[in-house]
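S.K.: Have a look at this one.
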Amino acid sequence: QVQLVESGGGLVEPGGSLRLSCTASSSFFSLYDIEWHRQAPGKERELVARIISGGSTTYSDSVKGRFTISRDNAKRTVYLQMNHLESQDTAVYYCNIHRASLTYWGQGTQVTVSS
C-alpha cells in the first residue's frame with residue numbers, strides 16, 4: 001500500500017498562485033505515472049494534469065498555460081504549480097499515482113479561489 005500526502009491548498013484571490021505537493025511513501029515512485037485530478041462541488045472528478053515516468057506532461061484544456069506539473073523523484077514528490085487562478089479552479093485536488101493495475105489516491109486538498 002502506498003501512502004500519498006498532499007499539501008499546499010488554501011484560499012487565494014483570483015489571479016493568484018498556489019503550489020500543491022504530493023509526497024509518496026513508495027521507493028518505486030520514479031516508475032509511476034502521476035496525475036492531479038480535481039472535483040468541484042456538484043461536479044464529477046476531472047483530470048487536470050499528468051506526468052508519466054519518463055517526464056512527459058499533458059494538461060486539460062481548462063488549465064493549459066496556467067498550471068505546471070513536475071516531479072522530483074529523489075523526494076518522491078509531485079508538484080502542481082497553479083498560476084492565474086480563477087474562481088472556476090475552486091475544487092478539492094487529488095493526486096493519483098498508478099502503474100499497471102496499481103493505483104493510489106491522496107486524501108485531497110482544498111483550493112478556494114475567491115476575493
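The values are calculated or read from the model by the stated rules, or taken from the named source; none is laboratory data. Just so you know, these numbers come straight off a predicted model, no measurement behind them. All Cβ positions, even for glycine, are placed from backbone atoms using ideal geometry, and neighbour counts span all protein chains on display. Ligands, DNA and RNA are stripped out before the accessible areas are found, and what is left, the full protein with its side chains, is counted by its heavy atoms. Shrake-Rupley method; radii C 1.70, N 1.55, O 1.52, S 1.80 Å.
S.K.: Taking the stated definitions as given, is residue 66 basic (Lys, Arg) and surrounded by fewer than 18 Cβ atoms within 10 Å (Cβ to Cβ)? First the steps, then the outcome.
M.R.: On the way: basic (Lys, Arg): yes; surrounded by fewer than 18 Cβ atoms within 10 Å (Cβ to Cβ): yes.
Here the answer is yes, as residue 66 does meet what is asked.
S.K.: What's the number of the condition residue 65 fails, among (1) over 20 Å from residue 9 (Cβ atoms); (2) in contact (Cβ under 8 Å) with a residue 60 or more places away in the chain; (3) not in a strand (DSSP E or B)?
M.R.: Result: residue 65 fails condition (2) only.
S.K.: Then there's this: Inspect all residues belonging to the range 99-110 and state whether any of them is touching a strand residue (DSSP E or B) at 6+ places or on another chain (Cβ under 9 Å) and surrounded by fewer than 13 Cβ atoms within 10 Å (Cβ to Cβ).
M.R.: Initially, the range 99-110 is screened for residues touching a strand residue (DSSP E or B) at 6+ places or on another chain (Cβ under 9 Å), giving 99, 103-110.
Next, from what is left, pick out any that are surrounded by fewer than 13 Cβ atoms within 10 Å (Cβ to Cβ): 107, 110.
There is at least one residue in the range 99-110 that is touching a strand residue (DSSP E or B) at 6+ places or on another chain (Cβ under 9 Å) and surrounded by fewer than 13 Cβ atoms within 10 Å (Cβ to Cβ).
S.K.: Right, here's the next one. Looking for something in a strand (DSSP E or B), out of contact with any Ser or Thr (no Cβ under 9 Å at 6 or more places or on another chain), open to solvent by 20 Å² or more (accessible area, probe 1.4 Å) and not polar (S, T, N, Q) - is there at least one such residue anywhere in the range 6-18?
M.R.: Taking every residue of the range 6-18 in turn, at least one turns out to be in a strand (DSSP E or B), out of contact with any Ser or Thr (no Cβ under 9 Å at 6 or more places or on another chain), open to solvent by 20 Å² or more (accessible area, probe 1.4 Å) and not polar (S, T, N, Q).
S.K.: Here is a further query. Pairs please, first residue from the range 1-27 and farther than 15 Å from residue 109 by Cα, second anywhere and in a strand (DSSP E or B) and among the small types (Gly, Ala, Ser), Cβ atoms under 6 Å, 6+ apart in sequence or on different chains.
M.R.: 2/24
S.K.: List the number of the failed condition for residue 36; all other conditions in (1) open to solvent by less than 70 Å² (accessible area, probe 1.4 Å); (2) part of a loop (DSSP other than H, G, I, E, B) hold.
M.R.: It is condition (2) that residue 36 fails.
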